[in-house]
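Some notes on the structure that comes next.
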Amino acid sequence: MPGVFPGDKGVAGGYPGDEGIPEGRAKPVWKVDKRLVIAIIVVLGVAGAMIVFSAPLILVLNKLGMIEIPGLEGSSQTQMLIIGNPSVDLLADLDNQHDLVYYRIKDAADLDENPAEQLAEFDVVLLDQHMGATPYDKSLSRALGEAIENYVMTGGKLVVVMDSGIYRSGGEFGTSVTSDVIGWKETFGDVIPVECDVGIQGMPTCTLPVMVSGKIERLDSDSEIMHGIETAPADPRYGALSILTFDVKPLGNQVAYINSVLGTKNYPGIVEKNLLVGKAIYFNYDPAITPGIWQNTLEYLR
């Protein structure tokens, strides 16, 4: 037969499996386009790099509750960093809320080394230096202030109590404060929900504590911080609270105010500022005196 070579007997009709190919049509040959392979490798490389370098984004999404990744911060207890020295009552309340929060306490000076990396380990930062006896006890460095500002701007949650952080540490040995910085804006930028105003004889109001006999009254009816609470104390038989506070100026959403029952002037109680992803909450009194509101706050920050 034409086209059959010696030794091809039995395969003159073609190779096994070729029977279904119509006569005159060649069997298709699959070729790999090298450009397509290179494109796929490039895409996989870029995707891998994005996964590696987007770890901070993943942490932010995890903290916001948009994703839940076991083992990452925010997936169980709230990890809280306390900067300063809170009242004994507040620490006792935190100990009782161990199912909600795990906390560590550090001095501001302990965070001057790699502050951003240290802050990133926590879901919430509580800045509570109001028990300090000296201006230095209520200060922190420029580097730590900027790290806290960036922490909040990238999804972190900050709680500031009373006059904490109103001074900037400095001096030759870093154990004093600078004389030209009082208040929060110069150290924290715009993340703190209140500002220090000008008081009597030009004194900054955040340096002038005021003792008030009053109650904490709800202002924001939708706030989760005041969920189920209109007034503290709720029972009139308890009488008014003795509240140490400051005449600061609110810059954010006023969640609650201090209603003075003896005087004619009221004061901001709780002020919140929500940024694009992070949030900052300011307590103008020791949160320990309203444990229900404080526990609501812990739940809100989870």
> What tally of residues in the range 263-281 results from selecting those that are among the hydrophobic types (A, V, I, L, M, F, W, C) and at pLDDT below 95?
Replying inline: 3
> Does the range 231-265 hold any residues that are exposed (fewer than 15 other Cβ atoms within 10 Å of the Cβ) and either in a loop (DSSP other than H, G, I, E, B) or among the hydroxyl-bearing types (Ser, Thr, Tyr) (or both), and which are they?
Replying inline: THR231, ALA234, ASP235, TYR238, GLY239, SER242, VAL261, LEU262, GLY263, THR264, LYS265
> Among the residues of the range 266-292, how many are out of contact with any Ser or Thr (no Cβ under 7 Å at 6 or more places or on another chain), farther than 19 Å from LEU91 by Cα, touching a residue at least 24 places away in the same chain (Cβ under 8 Å) and assigned to a strand (DSSP E or B)?
Replying inline: 8
> Within the range 179-210, can you find the residues that are among the polar types (S, T, N, Q) and buried (at least 17 other Cβ atoms within 10 Å of the Cβ)?
Replying inline: THR187, THR205
> Of the residues in the range 183-202, how many are farther than 25 Å from ALA116 by Cβ and within 28 Å of the chain's Cα centre (by Cα)?
Replying inline: 2
> Quick one: ASN114 ticks every box in (1) polar (S, T, N, Q); (2) farther than 15 Å from LEU144 by Cα; (3) more than 13 Å from the chain's Cα centre (by Cα) bar one, so which box is it?
Replying inline: (2)
> Mind checking which residues of the range 277-302 are crowded, with 20+ Cβ neighbours inside 10 Å and β-branched (Val, Ile, Thr)?
Replying inline: ILE281, THR290, ILE293, THR297
> VAL210 passes all but one of (1) at pLDDT 95 or above; (2) under 23 Å from SER141 (Cα atoms); which number fails?
Replying inline: (2)
>> If I ask for residues that are more than 20 Å from the chain's Cα centre (by Cα) and touching a residue at least 60 places away in the same chain (Cβ under 8 Å), which ones from the range 93-103 would you list?
In response: ASP93
>> Name the residue that is nearest to THR290 (Cα to Cα), counting only residues in the range 88-130 that are part of a loop (DSSP other than H, G, I, E, B) and not charged (D, E, K, R).
In response: GLN97
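The values are calculated or read from the model by the stated rules, or taken from the named source; none is laboratory data. Bear in mind the structure is a predicted one, so any value in this text is a computation, not a measurement. Quick reminder, even Gly has a Cβ in these numbers, built from the backbone with ideal geometry, and neighbours come from all protein chains shown.
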